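Visitor: Structure incoming, see below.
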Amino acid sequence: MLALLLAAFVLWLPCSGARAQSCTFTIGDVDFGAVDVLSGGQVSLGTSLHISCSGLSLNTVRVCASIGSGSGGAVSGARRLLGASGTLDYQLYSSGTTVWGSNYWGLPGAPPTIDVPLNLGGSGSANVPITVTLFGAQQTAHVGAYQSNFTASDNRFVYGYTFLGIVGCHLIPVLPQLGSTTFKVQAHIDNTCHVTAQDIDFGTRGILSSNVDATGEVSVRCTNGTPYSIGLNGGLAAAPPTARHMTGPATILYGIYRDAARTQAWGNTVGTTMAGNGSGLSQPLTTYGRVPPQAAAPGTYTDSVIATVTY
């Protein structure tokens, strides 16, 4: 009886080894590159989880692939990329608006269940798409590099044969196998500026016997932390800032200034430009125009001035 029991025990060892499943996992890095957050739109890129398994032929390995917060952390509704001066919000999706989550965090979003059928030779693979979306409406994010690293502690993949009675992720720990991988998500916010302008309209006037004043506006929006300066050229006549030319039946001289008292000319040379520091939001700057007393023929007079932002 002892010999028979020993023989049975020896025969069981190869059988148990043959049934063991083994899987490897890889996820490609995601690089959003240079991001223009001033546009306010979201950006989506794709990567994938590649699974390669081996084991008992013609069976199925079920994988529950938990992906956690990464080194940038997470809040409800968003994972985060970490930069020197703040964060950028983004998210990983398994499909549509379904967040690719984890069984090991307290946030909404569970890991997807992935089945990998094994062929007659005992091998199989799966390639599962992951959508990575950098959220819009983050115009005030600072210039710089942002990154989140996902280590083995973030990516905890539990798997096992379905014939063991595994239905969902919660039953895999009955006979678990564990795997992991590493990847990173990164983006960079470059210095960027947008500029718009509002006309200066001096209206309809009679004899130009005294100063005629009017205002317009130059609005600049630069990424947070971007120093800039705005210059105004000399108009179509390339004239000095206080002696620009409006042309019509004749010529009318006028000036554009940086201050309401109209003592600081606004041009495009050193000492005549307006300087500031970007906040990511629109920053309106008033243009103060003045037509000094002069003789002028009746008619319509115009000029075109170019505003240039240097950053």
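Visitor: Which entry in [x] 23.8; [y] 15.8; [z] 18.8 is this structure's computed mean projected area of the Cα convex hull in nm²?
Guide: [x]
Visitor: On to the next question. With runs of 4+ DSSP H residues as the only contributors, calculate the mean residue ellipticity of the chain at 222 nm using -39,500 (n - 2.57) per run, divided by the residue total and rounded to the nearest 500.
Guide: Only helices count here, giving -2000 deg cm²/dmol.
Visitor: Along the charge dipole of the chain, Cβ charges K/R +1 and D/E -1, which of 101, 125, 55 sits furthest on the positive end?
Guide: Projecting each Cα onto the dipole axis, the largest value belongs to 55.
Visitor: If you don't mind, there's one more thing I want to ask. How do 246, 274 rank by accessible surface area computed with a 1.4 Å probe, from largest to smallest?
Guide: The ranking, largest first, comes out as 274, 246.
Visitor: Something else: Restrict the search to segment 252-311; then list the trypsin sites (Lys or Arg not before Pro) that DSSP places in a loop and that have at most 14 other Cβ atoms within 10 Å of their Cβ. Numbers along the way, then the final one.
Guide: Details: sites: 258, 262, 290; in loops: 258, 262.
When the trypsin sites (Lys or Arg not before Pro) of segment 252-311 are filtered for loop state and at most 14 Cβ neighbours within 10 Å, nothing remains.
Visitor: Once both axes come from the Cα atoms, what is the angle between helix 2-18 and the longest principal axis of the chain, in degrees from 0 to 90, rounded to 10?
Guide: 20
Visitor: Also, I was wondering about something else. For segment 58-72 and segment 189-216, write down the distance between their C-alpha centroids in whole Å.
Guide: Value for the Cα centre distance between the two parts: 60 Å.
Visitor: Which value, in Å² and to the nearest 10, is the accessible area of residue 154 when all protein chains are kept and the probe is 1.4 Å?
Guide: My reading of the accessible area for residue 154 is about 30 Å².
Visitor: Suppose every K and R has +1 on its Cβ and every D and E has -1 on its Cβ; what is the size of the dipole of segment 58-214 about the Cα centre, in Debye to the nearest 20?
Guide: It comes to approximately 580 debye.
Visitor: Whole-Hz Karplus ³J(HN,Hα) for segment 182-191, in order, using 6.51 cos²θ - 1.76 cosθ + 1.60 and θ = phi - 60°, x for Gly and Pro?
Guide: 10, 6, 9, 10, 8, 8, 9, 9, 8, 5
Visitor: What's the magnitude of the charge dipole for the chain around its Cα centre, counting Lys and Arg as +1 and Asp and Glu as -1 at the beta-carbon? Answer in Debye, nearest 20.
Guide: For the chain, the charge dipole is close to 380 debye.
Visitor: Towards the positive end of the charge dipole of the chain, with charges on Cβ (+1 Lys, Arg; -1 Asp, Glu), say which of 65, 247, 271 has the farthest Cα.
Guide: 65
Visitor: Got the relative contact order for segment 203-303 handy, in percent, Cα pairs under 8 Å and 6 or more residues apart?
Guide: Dividing the mean separation by the residue count of segment 203-303 yields 43 percent.
Visitor: By per-residue mean of other Cβ atoms within 10 Å, what is the highest-first order of 120-129, 216-225? Don't skip to the answer; put the middle values down first.
Guide: Details: 120-129: 13.7, 216-225: 19.9.
In decreasing order of mean packing, 120-129, 216-225 become 216-225, 120-129.
The values are calculated or read from the model by the stated rules, or taken from the named source; none is laboratory data. These numbers come from a predicted model, not from an experiment. Backbone-built Cβ (ideal geometry, glycine too); neighbour counts: all protein chains shown. Calculation scope for accessible area: heavy atoms of the full protein, side chains included, ligands and nucleic acids excluded. Shrake-Rupley method; radii C 1.70, N 1.55, O 1.52, S 1.80 Å.
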